[in-house]
Amino acid sequence: MPSAFKKALDSGKFVVTCEAAPSKGTNLEKMTHHIELLKDKVDAMNVTDHQSSVMRFPSLGGALLVKELGGEPILQMTCRDRNRMALQADLMFASSRGVHNVLCLTGDSVMLGDHKEAKPVFDLDSSQLLAAVRTMEKGRDMSGNELDGGVRFCAGAIVTPEADPIEPQLIKFEKKLEAGAEFIQTQAVYDMDNFKKFMEYARQFPVKILAGIILLTSAPMARFMNKNVAGVTVPQDLIDEMKSAPKGGALNKGIEIAGRMVRQIKEENICDGVHIMAIGKEEKVVDIMEAAGLL
Amino acid sequence: MIRSITQLKPAEEIEQLLDGMGRVFIIGCGTCVTMTRTGGLPEVEAMKDELSEKGKVITGTTVVPVACDNLTGEILKELQSMIKQADALLIMTCAYGVQTIARQINKIVIPALNTLFIGKETGASEFNEVCSQCGTCIIGETGGICPVTACHKGLVNGPCGGTNNGKCEIDSNKDCAWTMIYNRLSELGRLDLMRNYQKPRNHLGEPSPGKFMIPT
């Protein structure tokens, strides 16, 4: 039986996903609040896996929480912290507990996070993790041993449409599709003309693509991303627009911009949906969806 | 030419390692560490002065020609009297030299350097790590550039999302291995190789620690 998220992807509707960021610690109140606020408004919620290599409550625990609260989780899994044995074990655990969506990621460098001296694993890469999911669905582990009960997943991956140079990214993108990715959530896109060009290329593949939308919270935050986040480019006109916001109104301006982009993507049918990342301001996803005319 | 690339340990760490050992014999090497200026004659002399100022008694110093050579033991025998007086040997060579000496001289050895990698000389005063001796070489499919080593994450199926303007997410001075591989294969008209799915790596190439016997 396909997952609710898979059904949404296949239904042809405009799909919306967002993030539930696990807490630093075991106090899950804030995360619970965000899940309750959003679970019925979006098609699925990604649970991040030690995002930016910062040690947090595990994505698997967060995905179970989404499930318990009646939401539809997408388990993010990076290859940074677990070797192939641990990854397969966690896939089995997730599937056995009703978590049937997984986003396969390489993971950020350990050096960028808060445990800089930890051993980076990267036993697998994102395309190999996707292939492992598909192998396990056939009832075998990566060594070819039979599993007493396999797994079932709607598996996805990411792409960076604004990477420079783009060609190596596109080769990797195609490898991820060949390895079994059914959906793609993109890195943040801001330049719709650029993104349309990417989609002209991507449309040739039978994969569902959700455009990444990161909420801008201020002009300095936009400039910070331009300087520090690989593959993210906030065009100058959007930075100027953020600057034009009245004092104390930058966040509302960011919501307006994000809502406008979501609306444009939907109205022009640019891709299959959006993945809204309101990093640290998850409750604002509702406002973005309202601004986009989705609620 | 390949060289053992080293870096001086912080002074506090050396001090801590030498704690309680008042008499020290210092050994440098005339090969890699002389070239990289981490354990040649000037560095050995500077260390001698620094430790003397901190109250250590330096029983002697030497710069052996090639510390990792088994003959190093013979050379050090000639300096026995000075070495015997020392509580410890402070060794300003790479870990290959330190371990060679440790096997030959019955004395506590204190490395003054950290050994970073085996570097290929790639330009004037520039060394790069290009091989990790993994035992399962795949560079026949990557245009002769090793992604296991040159990619910070050792990815074998293409770049991660952290690459930016052809550089690595951890350091804008480091080239992205997969941009280099893409460019090389593109020049060679063999981008088809980059599209090949690489299976998960075999980490059993040579189980650590590596061991080899010349066949008789």
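Below are the figures for this structure:
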{"item": "Residues being surrounded by fewer than 21 Cβ atoms within 10 Å (Cβ to Cβ) and touching a residue at least 12 places away in the same chain (Cβ under 8 Å) - total across the range A:254-267", "result": "5"}
{"item": "Hits in the range A:203-230 - residues which are in contact (Cβ under 8 Å) with a residue 60 or more places away in the chain and in contact with a helix residue (DSSP H, G or I) (Cβ under 8 Å, 6 or more places away or on another chain)", "result": "A:208, A:209, A:211, A:213, A:214, A:215, A:217"}
{"item": "Unique residue being buried (at least 17 other Cβ atoms within 10 Å of the Cβ), facing another protein chain (nearest Cβ under 9 Å) and within 20 Å of the chain's Cα centre (by Cα) when the list is A:155, A:163, A:202", "result": "A:163"}
{"item": "Residue that is surrounded by the most Cβ atoms within 10 Å (Cβ to Cβ) [pool: residues in the range A:231-253 that are in contact (Cβ under 8 Å) with a residue 40 or more places away in the chain and not polar (S, T, N, Q)]", "result": "A:231"}
{"item": "Subset of the range A:268-295 [outside any loop (DSSP other than H, G, I, E, B) and hydrophobic (A, V, I, L, M, F, W, C)]", "result": "A:274, A:276, A:277, A:285, A:286, A:288, A:289, A:291"}
{"item": "Any hit, the range A:228-244, residues being within 14 Å of chain B (Cβ to nearest Cβ), part of a helix (DSSP H, G or I), over 22 Å from residue A:16 (Cα atoms) and modelled with pLDDT under 95", "result": "yes"}
{"item": "Sole residue being surrounded by 21 or more Cβ atoms within 10 Å (Cβ to Cβ) and over 17 Å from residue B:40 (Cβ atoms), chosen from B:93, B:100, B:122", "result": "B:100"}
{"item": "Meets criteria (in the same structural domain as residue B:73 (by TED's automatic domain parsing), farther than 18 Å from residue B:125 by Cβ and buried (at least 19 other Cβ atoms within 10 Å of the Cβ)) for residue B:21", "result": "no"}
{"item": "Unmet requirement for residue A:171, which otherwise passes all of (1) out of contact with any Phe, Trp or Tyr (no Cβ under 8 Å at 6 or more places or on another chain); (2) of a type in the set (A, V, I, L, M, F, W, C); (3) surrounded by fewer than 21 Cβ atoms within 10 Å (Cβ to Cβ); (4) within 12 Å of another protein chain (Cβ to nearest Cβ)", "result": "(1)"}
{"item": "Residue that is nearest to the other protein chains (Cβ to nearest Cβ) [pool: residues in the range B:173-195 that are touching a residue at least 12 places away in the same chain (Cβ under 8 Å) and not in a helix (DSSP H, G or I)]", "result": "B:176"}
{"item": "Selected residue (criterion: farthest from the other protein chains (Cβ to nearest Cβ)) from residues of the range A:174-199 that are within 16 Å of residue A:270 (Cα to Cα) and within 15 Å of the chain's Cα centre (by Cα)", "result": "A:183"}
{"item": "So residue B:188, is it in the same structural domain as residue B:139 (by TED's automatic domain parsing), exposed (fewer than 13 other Cβ atoms within 10 Å of the Cβ) and aliphatic (A, V, I, L, M)", "result": "yes"}
{"item": "Qualifying helices (runs of 4 or more DSSP H) (wholly inside the range A:25-134; at least 3 residues being within 14 Å of chain B (Cβ to nearest Cβ))", "result": "A:84-96"}
{"item": "Of the criteria (1) hydrophobic (A, V, I, L, M, F, W, C); (2) touching a helix residue (DSSP H, G or I) at 6+ places or on another chain (Cβ under 6 Å); (3) in a helix (DSSP H, G or I), which one residue A:181 fails", "result": "(3)"}
{"item": "Some residue of the range A:80-92 being among the aliphatic types (A, V, I, L, M), closer than 19 Å to residue A:184 by Cβ and crowded, with 20+ Cβ neighbours inside 10 Å", "result": "no"}
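For (1) among the small types (Gly, Ala, Ser); (2) modelled with pLDDT under 95, each residue gets a yes or a no:
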site	(1), (2)
B:145	no, no
B:150	yes, no
B:153	no, no
B:183	no, no
B:200	no, no
B:207	no, yes
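The values are calculated or read from the model by the stated rules, or taken from the named source; none is laboratory data. Not measured: the values here are computed from a predicted model. Quick reminder, even Gly has a Cβ in these numbers, built from the backbone with ideal geometry, and neighbours come from all protein chains shown.
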